[in-house]
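Since every read-out is calculated from the coordinates, none of them should be taken as a lab result. Here the structure is a predicted model, which is why all the values come from computation and not from measurement. Using ideal geometry, Cβ is built from the backbone for each residue, glycine included, and neighbour counts are taken over all protein chains shown.
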Amino acid sequence: MSQPVSPIREPLITGHKTYHDITEDLVSPTEKTTVSWALATMAAALMLGYGVFCLIWTFWVGIGSWNVNRTIGWGYDITNFVWWIGIGHAGTLISAILLLFRQKWRTGVNRAAEAMTIFAVMCAGLFPATHTGRPWFDFFMFPYPNTRGPLWVNFNSPLLWDLFAISTYFTVSLLFWYTGLVPDLATVRDRAKGLRRKIYAFFAMGWTGSAKHWQRFESLSLILAGLATPLVLSVHTIVSYDFATSVLPGWHTTIFPPYFVAGAIFSGFAMVQTLMTITRKLLKLEDYITIAHIESMNKVILLTGWIVGTAYLTELFIAWYSGYIYEMFAFYNRVFGPYYWAYIGMMGCNVLSPNIFWVKKFRRNVTITFFMSIFVNIGMWFERFVIIVTTLARDYLPSSWSYYWPSWVEIGIYLGTFGLFFTLYLIFVKVAPVVAVAEVKAILKTAGDQYVGVEAAKKAEATAH
Amino acid sequence: MKKKDVLFGLYDDEEILLKAVKEARAQHLDIMDVFTPFPVHGMEQALGLAESRLHIAGFVYGLLGTLTAFLGMTWIFTKDYPIIFGGKPFWAVPSFIPITFELTVLFASIGMTVSFYIVNGQGFGVDNPTLDDRITDDKFCLAFDKAGKSEEELNRLRDFLKRTGASEVHEKTIEKK
């Protein structure tokens, strides 16, 4: 290989892998069932079961089983909805935006991140679907010709835009993910025998690896990435419109769209880190999801953490600078009001804690990364709680001021979404290669440690002399 | 159902294959197809493949989405169901933009993906014949159609494959639907 060897560029695939090693390492986890996997899946399914029980309880007993009240109509449900949607953003960001920027480190994590996106959006969708109160009528939200006279949905409403944004986002993410998965399912198919082969052949859609197919495949991936890039930015922008187009002080701000998008990327990357640090350990993928990958993601976390932090401070400044008494009170209430602890949690986890990543040693430490990723997710949850609950708890009329704390049913549904998320993720890890096999092979010669990095450079020099 | 006799060589590295493909093209050999485990950089130029027209289809689908959303909302809110929301005019163009954008993306993505599978002859349950199981693993395959070739020509192709570095040369009959 007559390629210039760079000692500076850090290899993204270590362990001197050959193409066959890559297939072996990445596909073999789908070919055996381990006890730890079975136990983890059972635990996740149990949690999901509890969530389903709480949902049934909600519909059986009624909305009274939740602690939302007339003043605070949006509580745990919308907080969790926004939180999960935010988490869903990293997948498309990694697969689409980083594809357009030609960042090679995306190949190690994109498959799992995209899967995470799809599962997170499913968890998110559950909350507004339940929040309508009568989910069996949820199809009323879609515009369709009906016999109730001319009767249409309100296309001017941000809540309807949100429905369109999230269903589009879910569909496009699913297509993007599955299309990328097809060549890898073909790899699994060609290694399998008997019934297993038949099943994978069904889902691999008759992929052969023909040059023309690969050409179309690359063309499709690139355009889907180009379409998904504005889409991912639009989704959380529209989620923020749910708040920003209202007339409540604290919600009615123009900073919301960029602030929500940055927060979404922040929390999404944190969740990717949580999952990846565990996955790489359990499936022994340290050669494919390297410290270099983890460091890159930590840099994104540091950057978006600062964007979010700047947004928090801007909000406070603008509230003071506006001189508008209601706006000033809304922010005074956030910092010193009854939910001061949520504000501290948000500031501590989102603004202060990511600064640890200024230090290279901490950026490259897996244990610190894991705990930091949990911190960030807690912080981002607090952010949504602060925005939604704190604002609603102290509205214009002091006589209707109220306090909110979730009931066991609401907490149960939230736990249930974790169950759903992890059940689906664990099933995915079992049935499909968790790292994109074909894509890793495609970058082997430009990112493998026998081709680039310090070691390769030394070897090249030794052979030259 | 059509039977197809194929002569193919398996290479161990994509760079050797790429060189072989270039040489085959220079010698005007009739390449049936090339199969690889991942997209090989420069293969489409080497094979002289025409640019994919998928992006044109994508544009058309996207435009269809734009028009569906925008004209649909326009008709609904000016003709079929004119109602004033929050003091806005019936034809409130700025608030139609988010849904118009979303449907543009949705139509383009679904349309392009479905087109991709249709032109590839792919779909759930479709079982296209493959030449070797290792093509999706670490082998790179250059295939020639045996139909209408004399034994002498075939021998020349076999020699060509071996000479250009194929580690294995096989023949196989596949059934093409």
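Measuring nothing but how far apart in sequence close Cα pairs (under 8 Å, 6+ apart) lie, relative to its length, region A:314-453 scores a relative contact order of 18 percent. Shape class for region A:382-450, computed from the alpha carbon gyration tensor (a ≥ b ≥ c): oblate, with a/c not under 1.5 and a/b at or below b/c.
Overall, the protein assembly as shown carries a charge dipole of about 260 debye about its Cα centre when +1 sits on the Cβ of Lys and Arg and -1 on the Cβ of Asp and Glu, all other atoms neutral. For region B:54-120, the fraction of C-alpha pairs farther apart than 13 angstrom is 65 percent.
Taking a straight line from the alpha carbon of residue A:193, these aspartates and glutamates sit under 18 Å away, with near neighbours fewer than eight places off in the same chain left out: A:24, A:31, A:184, B:127, B:132, B:133, B:137. Normalise the Debye intensity by I(0) for the protein assembly as shown, one equal point scatterer per Cα, no solvent, then take log10 at q = 0.08 Å⁻¹ and round to two decimals. Calculated log10 I(q)/I(0) at the listed q: -0.67. Peptides B:48-61, A:331-344 ranked from most to least packed give A:331-344, B:48-61, packing being the mean of other C-beta atoms within 10 angstrom over each peptide's residues.
Per-residue ellipticity at 222 nm computed for the protein assembly as shown from its helices equals -20000 deg cm²/dmol, with DSSP H segments shorter than 4 residues left out and the rest contributing -39,500 (n - 2.57).
The packing ranking of peptides B:68-80, A:127-139, A:205-217, highest mean first, is A:205-217, B:68-80, A:127-139, where packing means the average number of other beta carbon atoms within 10 angstrom of each residue. Distance between the modelled labels on residue B:88 and residue A:396, one decimal in nanometres: 2.2 nm (7 Å Cα→Cβ projection). Extent of region B:1-140 along its three principal axes (Cα atoms, max minus min coordinate, largest first): 71, 32, 25 Å. Computed across region A:346-465, the Kirkwood radius stands at 19.8 Å (inverse of mean 1/r, all Cα pairs). Note on residue A:159 and residue A:53: the model spin-label points, each 7 Å out from Cα along the C-beta direction, lie 3.2 nm apart.
With a length cut of 24 Å (Cα positions projected on each helix's long axis) and a Kyte-Doolittle mean of at least 0.0, go through chain A and give me the DSSP H helices that pass. Going by DSSP H runs, the hits are A:35-61, A:106-131, A:158-191, A:211-244, A:256-282, A:291-322, A:366-385, A:408-431. Shown is the FRET efficiency for residue B:67 and residue A:193, computed with R0 = 51 Å from the Cβ-Cβ distance and rounded to the nearest 0.05: 0.55.
Taking a ≥ b ≥ c as the square roots of the eigenvalues of the Cα gyration tensor of region A:177-239, is the shape rounded (a/c under 1.5), prolate (a/b larger than b/c) or oblate? Intermediate values should be presented prior to the final figure.
Values: a/c = 4.97, a/b = 1.97, b/c = 2.52.
Cα axes put region A:177-239 in the oblate bin.
Given R0 = 45 Å, the distance between the Cβ atoms of residue A:70 and residue A:299 translates into a calculated FRET efficiency of 0.50. Across peptide B:45-55, the average count of Cβ atoms from other chains found within 10 Å of a residue's Cβ is 3.
Normalising the average separation of contacting C-alpha pairs (under 8 angstrom, six or more residues apart) by the number of residues puts the relative contact order of chain A at 36 percent.
For the peptide A:178-187, the mean number of other protein chain Cβ atoms found within 10 angstrom of a residue's Cβ is 3. With a threshold of 25 Å on the Cα-Cα distance, the over-threshold entries among A:458/B:19; A:281/A:430; A:198/B:172; A:17/A:284; B:2/B:22; A:441/B:22 are A:458/B:19; B:2/B:22.
Put the Cα centre of region A:405-455 next to the Cα centre of region A:367-402 and the gap is 27 Å.
Residues of region A:178-200 with an amide N closer than 19 Å to a point placed 7 Å from the Cα of residue B:126 along the Cα-to-Cβ direction: A:178-190, A:198-200. About its Cα centre, the dipole of region A:73-218 is roughly 820 debye, where the only charges are +1 on Lys and Arg Cβ and -1 on Asp and Glu Cβ. Between residue A:326 and residue A:31, the simple label model (points 7 Å from Cα in the Cβ direction) yields a spacing of 6.6 nm.
Peptide A:235-243 has a mean of 1 when you count, residue by residue, the C-beta atoms of other protein chains within 10 Å of its C-beta.
One quarter of the surface of the convex hull around the alpha-carbon atoms of region A:132-198 equals 7.8 nm², the direction-averaged projected area.
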